[in-house]
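Chemist: Sending over a structure as structure tokens; questions will come in a sec.
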Amino acid sequence: MVNGTIDSAVRRRTDATHRPTSRTRRRQRGTVNVLYLPAVALLLVFTVYPLFNGIGLSFTDWDGYSPDHNVVGVENYQRLFSDDTFRTVFWNTLIYAVGSTVLQQILGLGLALALDRPMRARGLLRAIIYLPVLVSPVIMGTIYYLLLQYDNGALNDIVVSLGGTQQAWLSSTNGAIAIIVVVNTIQFVGLSMIIYLAGLQSIPGMYYEAARLDGAAGWALFRRITLPLLQPAFATSIVINLIGGLKLFDVIKVLTGGGPGYSTNSVSTFIGLTYFNAQSAGYAAAMGVTLFALIMALTLVLNSALNRRRVEA
């Protein structure tokens, strides 16, 4: 009895000794908070400051080089709405974003469903499809430029060898826009595939077993179980791909240079032309702020809509 009492007292004392005090917990939290500072500093320097600096410059007539500039108010934003060229590149940007996003969701989900089944070389096929994501968009654009260029392009060489005539694949506005959408889709469809694969593999198998016992099969399983439970994957993939499409720059610059004329420019490439070629940094900043506002608004709306649909499902 005495020994049991002594052992109990020793355990209580040991627990009290090793239990962190409130002062220790505060010190630990303080240490963790200090570790955040480098990341916060980088965020402030490379994201927050440029953002607010760009917003300020959008209300000026700065040329990008002179130390002096004048405040012009909302003149740059008024110019945006009356600029036919900006209207063209704005619609191009929406086409690139929406077109690439839709294609990537369809192909990415289809590939994920196909490669989620047991098969030979499944891992190799996944790696091959995902590989373009790791390639620089500049390199990707260069590869397709060498494939599609008029003189000595690989595709035209194949057409000529088969008895056909050379085609100027990138000379027409509509054709060039379609090619840019396809190239961007090919590069990033692997990202959508991986997101959907993760979503498919997180669905418990017992749901499918229970549905099969109730007589469901094929399309019914996909519509009643797979699609509703993939809502988080849909939300993630759509938002990531849409933002990437709205910011599209490298592939356009390498494939078409924004031509013919300005007809295939996106807002991002047109900002560069306006800043460096036209030396109108204030106007370019207004475009950048407008693009940022568009991306933020679409992201918030899509997240809200997809999350609401997920809850309803």
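The values are calculated or read from the model by the stated rules, or taken from the named source; none is laboratory data. All values derive from a computational prediction rather than experimental measurement. Using ideal geometry, Cβ is built from the backbone for each residue, glycine included, and neighbour counts are taken over all protein chains shown.
Chemist: Taking region 77-127 as the search range and keeping residues that are among the polar types (S, T, N, Q) and farther than 30 Å from ALA285 by Cβ, which one is surrounded by the fewest Cβ atoms within 10 Å (Cβ to Cβ)?
Modeler: So, considering only residues that are among the polar types (S, T, N, Q) and farther than 30 Å from ALA285 by Cβ, the one surrounded by the fewest Cβ atoms within 10 Å (Cβ to Cβ) is GLN105.
Chemist: With the checklist (1) in contact with a helix residue (DSSP H, G or I) (Cβ under 6 Å, 6 or more places away or on another chain); (2) among the small types (Gly, Ala, Ser); (3) within 18 Å of ILE243 (Cα to Cα) in hand, flag the one item ALA112 doesn't pass.
Modeler: Failing condition for ALA112: (3).
Chemist: May I ask you to verify whether THR256 is among the polar types (S, T, N, Q), buried (at least 17 other Cβ atoms within 10 Å of the Cβ), over 20 Å from PRO137 (Cα atoms) and touching a Leu at 6+ places or on another chain (Cβ under 9 Å)?
Modeler: When the stated conditions are applied, THR256 does not pass them.
Chemist: Counting only residues that are under 30 Å from ALA114 (Cα atoms) and not charged (D, E, K, R), give me the helices (runs of 4 or more DSSP H) lying completely in region 214-310 with at least 2 of them.
Modeler: 231-246
Chemist: Of the residues that make up region 43-60, is at least one assigned to a helix (DSSP H, G or I) and within 30 Å of LEU125 (Cα to Cα)?
Modeler: No: region 43-60 contains no residue that is assigned to a helix (DSSP H, G or I) and within 30 Å of LEU125 (Cα to Cα).
Chemist: Okay, next question. Find all pairs meeting these conditions: Cβ atoms under 9 angstrom apart; at least six residues apart or on different chains; first residue within region 239-266 and closer than 24 Å to SER192 by Cβ and assigned by TED's automatic domain parsing to the domain that holds GLN104; second residue aromatic (Phe, Trp, Tyr) and in a loop (DSSP other than H, G, I, E, B).
Modeler: SER266/PHE249
Chemist: Continuing with this model, one more query. Which of the numbered conditions does GLY73 fail, given that it passes all the others? Conditions: (1) small (Gly, Ala, Ser); (2) surrounded by fewer than 18 Cβ atoms within 10 Å (Cβ to Cβ); (3) touching a helix residue (DSSP H, G or I) at 6+ places or on another chain (Cβ under 7 Å).
Modeler: Answer for GLY73: the failing condition is (3).
Chemist: Go through (1) in contact (Cβ under 8 Å) with a residue 60 or more places away in the chain; (2) part of a helix (DSSP H, G or I); (3) more than 25 Å from the chain's Cα centre (by Cα) one by one and return the number of the condition GLN105 breaks.
Modeler: So the condition that GLN105 fails would be (3).
Chemist: Continuing with the same structure: May I ask you to say which residue of LEU35, LEU44, LEU51 is under 24 Å from the mean Cα position of the chain (by Cα) and over 16 Å from ALA293 (Cβ atoms)?
Modeler: Criteria check complete, one pass: LEU44.
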